[in-house]
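Visitor: Got a structure for you, questions after.
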Amino acid sequence: MKETNEKEIDISDVFSGIRNFFTKIFFGLGRILINILFFIKTHKKTIGFFLVLGSLGGIIYSIAGKPFYYSTMVVKSNDSFLENNIITKILDELNIMCEEEDFEELSQILKISPEQAKELRKFELEDEKQVTNLGTYYNKYFKVLSTISDEGKREELLSTFIKSEQDNIYYISASVYDASVLPFLNEPLAKLMNSNPYFVKKRGILDVTLKESEQKIYGELTKLDSLKRTLTQAIETNDKNMKSGSNNIILGENQLYNPLPVYEKYLTLYNDAISLKKQIFFNENTLEVVSGFAKLKKNERLNPVVAAFSGGGLGMLGGMIFALFIIGMKKFRDLKLTENSEN
């Protein structure tokens, strides 16, 4: 019984310590807040002046600031080695040119005129879009999903299918000062990314493998095509002989030779050749534009109310810093005067 009481006392001490800890934090934060409010009240004229000045500055900036247009393009990657940081690096380089107003270089890279380059503001790689229309994906993969009875596993597989498609989709946003420039950026941006040295190197390695496979398949197709013609002629000849009363048949090692496997093999290789041609085409185009930048009519502009609050907040912070600076200067001056009087 004594041991139980000791344990209960120990637990109460623990809770008491936790309560005291949070109480000290709460009162500590309260004291800091009170000191800040007292400081603002003491220097309300200085801080108020900066607050009003910041709010007015924000409103003027929102009204007088140059409006811009914002649009998004969707690109699809045909390669698994594409990474977000590579696209981000390419866009960052363009943004640096925009900030430094290097319009000549921008115009050469994006194949647009220097006047159009002056209208560029910023490029960004957006986060992945959330999939909302699950029904579209479910219908697309219905045959596979319908074979799974377990609902949990079915949903997991559907998520895997969606992720595999979303992993190859990228959303690139552009903000410009002239909406007429947007349509001219679609293909140049895709070509710029396709010309990235990393992509070019990877494509070169894969291209060699694909073309070697293509040559091998076409070599096999040529042989099969020759054999196919021979078999066709033999079948036609045999058909004529059977009509004339002859019983000659196509033989292979004294057995009836069935030509169907040759035709099936030929069709299989032919389909493989078409598939390889698609892979070679996609390999030459790492990124393809799915949906380009739209030419917009409505521009984006900073909301005056938001600008006023933002400017006021910055102004208030600036006023507090200025007030602290004045206090520090006064204390420094008083210290110097005291030292001079002592001397």
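Visitor: Is there a residue in the stretch 57-64 that is surrounded by 10 or more Cβ atoms within 10 Å (Cβ to Cβ), part of a helix (DSSP H, G or I) and over 35 Å from the mean Cα position of the chain (by Cα)?
Guide: no
Visitor: When the stretch 42-51 is examined, which residues are found to be in contact with a helix residue (DSSP H, G or I) (Cβ under 7 Å, 6 or more places away or on another chain) and more than 11 Å from Ser310 (Cα to Cα)?
Guide: His43, Thr46, Ile47, Phe49, Phe50
Visitor: For Ser180, work out the one condition from (1) in contact with a Ser or Thr (Cβ under 7 Å, 6 or more places away or on another chain); (2) within 23 Å of Glu99 (Cα to Cα); (3) in a helix (DSSP H, G or I) it doesn't fulfil.
Guide: Unmet for Ser180, out of (1) in contact with a Ser or Thr (Cβ under 7 Å, 6 or more places away or on another chain); (2) within 23 Å of Glu99 (Cα to Cα); (3) in a helix (DSSP H, G or I): (1).
Visitor: Right, next: Would you confirm whether or not the stretch 232-246 contains a residue that is modelled with pLDDT of 80 or more and either under 30 Å from Gly57 (Cβ atoms) or not in a loop (DSSP other than H, G, I, E, B) (or both)?
Guide: There is no residue in the stretch 232-246 that is modelled with pLDDT of 80 or more and either under 30 Å from Gly57 (Cβ atoms) or not in a loop (DSSP other than H, G, I, E, B) (or both).
Visitor: Going through the stretch 187-231 one residue at a time, which ones are of a type in the set (S, T, N, Q) and either touching a Cys at 6+ places or on another chain (Cβ under 9 Å) or assigned to a helix (DSSP H, G or I) (or both)?
Guide: The answer is Asn194, Thr209, Ser213, Gln215, Thr222, Ser226, Thr230.
Visitor: Any residue at all in the stretch 151-166 that's at pLDDT 90 or above, farther than 17 Å from Thr72 by Cβ and touching a Leu at 6+ places or on another chain (Cβ under 6 Å)?
Guide: No, the stretch 151-166 contains no residue that is at pLDDT 90 or above, farther than 17 Å from Thr72 by Cβ and touching a Leu at 6+ places or on another chain (Cβ under 6 Å).
Visitor: Could you please find all residues in the stretch 34-74 being at pLDDT 85 or above, among the hydrophobic types (A, V, I, L, M, F, W, C) and under 30 Å from Ala174 (Cβ atoms)?
Guide: Correct list: Met73 only.
Visitor: Please count how many residues of the stretch 76-100 are modelled with pLDDT under 90 and among the acidic types (Asp, Glu).
Guide: 2
Visitor: Is it the case, given these coordinates, that Ala174 is in contact with a helix residue (DSSP H, G or I) (Cβ under 9 Å, 6 or more places away or on another chain), modelled with pLDDT of 80 or more and either not hydroxyl-bearing (Ser, Thr, Tyr) or not in a helix (DSSP H, G or I) (or both)?
Guide: In short, yes.
The values are calculated or read from the model by the stated rules, or taken from the named source; none is laboratory data. Computed from a prediction, not measured in an experiment: that's the story for all the values here. Counting neighbours? That spans all protein chains shown, and the Cβs are built from the backbone with ideal geometry, glycine included.
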